[in-house]
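Nothing in this text is a laboratory measurement; each read-out follows from the coordinates by a stated rule. Because the structure is a prediction, the values reported are computed rather than measured. Cβ coordinates were reconstructed from backbone atoms using ideal geometry, including for glycine residues, and neighbour counts include every protein chain displayed.
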Amino acid sequence: MEYLIGIQGPDFVLVAADTVAASSIIQMKHDYDKMFKLSEKILLLCVGEAGDTVQFAEYIQKNVQLYKMRNGYELSPAAAANFTRKNLADYLRSRTPYHVNLLLAGFDEADGPSLYYMDYLSALAKAPFAAHGYGAFLTLSILDRYYRPDLSRDEAVDLLKKCVEELNKRFILNLKSFSVRLIDREGIHDLERLPLPQQ
Amino acid sequence: MTPHAGHGRTKRQTQDGVIAAADSRASCSGLIACPAVQKIMPVHSHLVVTTSGSGADCMLWQRILAHECRLYHLRNHRRLSVGGAAKLLAYMLHPFKGTELCVALTLCGWDGGRGGASPPVEDLWVMEEKVTGWGGEEGCGSKGRKETRECAGQACEREGEGEAAGEARTEADEEQTALGQEASGVEEELGAKAERTESEREEDATHSRRVEDGGLSRASTTESSRAGATAAEQEVRQEPWAGGPRLYYVCSDGTCLQGELFSVGSGSPYAYSVLDCELRWGLSLSEAVSLAREAVYRATHRDAYSGNCVDVFYINSQGWRCREREDLREEYYREKEKRKMRQGEQEKCGMKHK
């Protein structure tokens, strides 16, 4: 039902998420933001069971902020991803596992851009592009076909638009709008929501 | 035998307040356990909670929420904001996830005002927007607070209204101070004709002590607002933030959503469809109330677990007030009569054409 996608370029990461908050068959909110800002250059995109998503993501968010307060510098994306994975894994075999699927996207001064895919069983993988949700079945092969490691920002946005068009065409659910953000050396930038308003 | 009360409930946020409407039926596996239940309950003077789900759970959690809000009020000398109450409730319900607890509450309230919370400090996104200057100046200008973060948070909520206030500059009363201007300007521009009594206007005027140079609207040039901001910084920060309406949906499965329209319960799809057809900004208070009532009526008509009476509550900066409980059976018969009359007229027209 929910959809996340991330595309890593040579010096940026582009991420998008749908903006629907649903409760069984009803769309309760059309402009719900599924991205959580962990730090100036790290975003956590979180979908999954209602309640678990916000609880877990905010828990990670606050802990990353706490690290910064205690130590004076921010966690790198790799460290944040592994911290998240450890927490998810610890809760997995407890009485209260968190059923969340995550994409963690970040930019590190030393290592450059990075995109991490994590699922509810706390499997972590660094990937050049990734997607979550039923929509991933339809769009991963588009990414396989057209992705290049040296994509420019415009090309990455075009690739994202291709994926969204495919969803609009073939996906049984109507995912009307997507929030799009780009992380690069300067930080996190809001891009225009997809689909673009018709003129 | 768990009484699973399915209800139709609608809540809507307007510019000047929040309207909550609910039916009054409690059912228990096919039997109407009680036809006159109170589903909208006040938590404090500016917060009302509508309940849906299991009756006992709702009653308990409403009490727990009221208890926690009261403690917060006593400890901090101001009311807990609606967002804060929603978050508190969501975190209190989280340990019960996966159990048979079933509550779906909407918190309808007014933030800020006298005795209320300060503007939301809000989260990391807002700091970003402050840096890019989006909405920050306007917020600073009127709120008179040093921390631009908080202003930007306020400006975020009122992003649409800020531009409207600028356009309404010429219509605004010159005597009114910045805050009063913002409120009335917004109203006139956006066409909300909700009853703003004279006493409300005066209260807003007394709240905002700072008068901008030349009595300009707060959305005028950035220079004047910046000058106003620095002047305000020097003032004692005592003027309360006028606040705004807030609506949150909290569910026992952990969902906590902020929005402008929610419909909850077994009859909610029927209510949603009526509301989505008719709802728009610029409704007057009476139009909005009658729309809420209509939505509940349609839900009670179609849904077996909703029915009997409708309660309507209205929460604005003055607090909450409610309408008298209305039996929807009367509405059903009235509509039936209207249909009959319309049918009779149509037949007459038909016969004339023949």
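Can you give me the distance in nm between label points at B:M59 and B:H73, each placed 7 Å from the Cα along the Cα-to-Cβ direction?
The two pseudo-label positions are separated by 2.2 nm.
Given the DSSP H assignment, sum -39500 (n - 2.57) over each helix run of at least 4 residues in chain A and divide by its residue total; what's the result at 222 nm in deg cm²/dmol, nearest 500?
-11500 deg cm²/dmol
Need the C-alpha centroid separation for the stretch A:75-111 versus the stretch B:251-290, integer Å.
The stretch A:75-111 and the stretch B:251-290 have Cα centres spaced 36 Å from each other.
In peptide A:20-28, how many Cβ atoms from other protein chains are near each Cβ within 10 Å, on average?
4
Report, as an integer, the average count of C-beta atoms from other chains found within 10 Å of each Cβ along B:72-84.
The mean count of partner-chain Cβ atoms within 10 Å per residue comes to 0.
How far apart, in nm, are two points set 7 Å out from the Cα along the Cα-to-Cβ line at A:D119 and at B:L101?
Result: 3.1 nm between the two label points.
Need one value for A:182-194: mean number of C-beta atoms belonging to other chains within 10 Å of its residues' C-beta atoms.
So the per-residue partner count for this stretch is 1.
Could you list, in their original order, any pairs among A:K34/A:K126; A:K68/B:K11; A:K34/B:K11; A:K62/A:K169; A:K41/A:K161; A:K34/A:K169 whose Cα atoms are separated by more than 30 Å?
Too far apart for the 30 Å limit: A:K68/B:K11; A:K62/A:K169.
With just the Cα atoms defining each centre, how far is the stretch B:298-316 from the stretch A:129-164? Give it in Å.
46
Rank A:A156, A:H132, A:Y146 by how far each Cα sits towards the positive end of the charge dipole of the stretch A:4-195 (+1 on Lys, Arg Cβ; -1 on Asp, Glu Cβ) and give me just the farthest.
The Cα lying farthest towards the positive end belongs to A:H132.
If packing is taken as the average count of other Cβ atoms within 10 Å, what order do B:319-328, B:261-270 fall into, highest mean first?
Packing proxy ranking, top to bottom: B:261-270, B:319-328.
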